[in-house]
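So the structure is just underneath, and the comments pick up after that.
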Amino acid sequence: MISVIIPAHNEAALLGDTLNHLLKDAAPGTLEIVVACNGCTDNTAKIARVFEPSVRVVETPVASKTQALNLGDATATVFPRFYLDADVRVTAIALQQTAQLFQTQGILAASPTLRIDTTGCSWAVKAFYRAWQRRPYFHHGHLGSGVYAASAEGRARFDLFPNLIADDEFFRLHFHETERANAANAFFEIRAPRRIWGVIKVKTRSRLGRLELKKRFPKLIPRNTQTKRPLPLTPHAPRPVMSALLDPLVFAFIQLATTWRAHQQAVQGIHVWERDHSTRVSPSTASLISSQHHSNIGDPST
């Protein structure tokens, strides 16, 4: 059995879809799922409870992702333990394949391999994510971006998640490159913002989180030293000429824009959890997804 902790703040639009993906191929008794609803003002908890008893729902009135992670940790009972964003698509099989990595000596943290759904996105968004995924970071034990996992020994590296934006980066920095691994044939999917402004908002939040982390936990940063090794000679398929020219330019623009915005927000003491809403379906759709699952409970074909 493995544990899955899902912090959820006003995620009524997507939580039903996330849980459906997670449970559709899960054998009985293989997953311990805890949805930690935090500061919700919508029907996130109601949607999560549709999936009981396969899902355990806990709540806190405080709108804090890290507090929700800690609440989930206090509730979960087994390892390995996955921390999953409420808007991520991943299957139980992908998590189980990732969990097998912990059987390798020295591996303490792991993640499935990231896939980004850019369906319906503007050309600029697609260009940015093509360039983003070519960074060396993605070839050296990439963790975060929606899901990461720890063995019992790995989770013992720190006590509680502190109150900060970049929980995934805080987690990752506790492990050397050689202690992290990705499951090559197991995937999770995130939806890219439809327009470039959505990318700017999401990446500004990410940069602001790293600035906060560097300020509050400076001793963690040197522990992230990576082995300098070349990338595979052909990590990606060849790109068209225009893509090869434009992708780096779009990426550089986003880097500059988000760096400036993050520094401005840091100086002004603004810690806004900027969120892109372009990929989120309406709550009524999520409710329909959940009601369909509820009607199928007990049906062996689901």
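Remarks
- Shape summary of the range 34-156, radius of gyration then Dmax from alpha carbon positions: 16.5, 45 Å.
- Kirkwood Rh, angstrom, the range 1-46 [1 / mean 1/r, Cα pairs]: 11.2 Å
- Spatial offset of the range 175-211 relative to the range 7-80 amounts to 21 Å, using the alpha carbon center of each.
- FRET E, pair F158, W197, Förster distance 45 Å, beta-carbon r, rounded to 0.05: 0.80
- Coordinate range along principal axes, alpha carbons of the range 59-99, Å, largest first: 34, 23, 13
- The packing ranking, built from the mean of other Cβ atoms within 10 Å per residue, places the peptides 36-47, 52-63 in the order 36-47, 52-63, highest first.
- Once the Cα gyration tensor of the range 19-96 is diagonalised, semi-axes √(5λ) in Å: 20, 14, 11
- Protein accessible area in the range 1-136, 1.4 Å probe - carbon and sulfur %: 50 percent
- Ellipsoid semi-axes in whole angstrom, largest first, where each is sqrt(5λ) of the Cα gyration tensor of the range 102-197: 27, 16, 11
- Maximal additional length on extending the N185-D25 stretch stands at 56.0 nm, based on 0.36 nm per residue less the C-alpha distance.
- Summed over the residues of the range 94-163 and divided among them, the accessible surface reaches 43 Å² per residue at a probe radius of 1.4 Å.
The values are calculated or read from the model by the stated rules, or taken from the named source; none is laboratory data. Being a predicted model, the structure only gives us computed values, none of them experimental. As a convention, Cβ positions derive from the backbone with ideal geometry for all residues, glycine included, and neighbour counts pool all protein chains shown. In case anyone asks, the SASA skips ligands and DNA or RNA and just uses the protein heavy atoms, side chains included. Shrake-Rupley method; radii C 1.70, N 1.55, O 1.52, S 1.80 Å.
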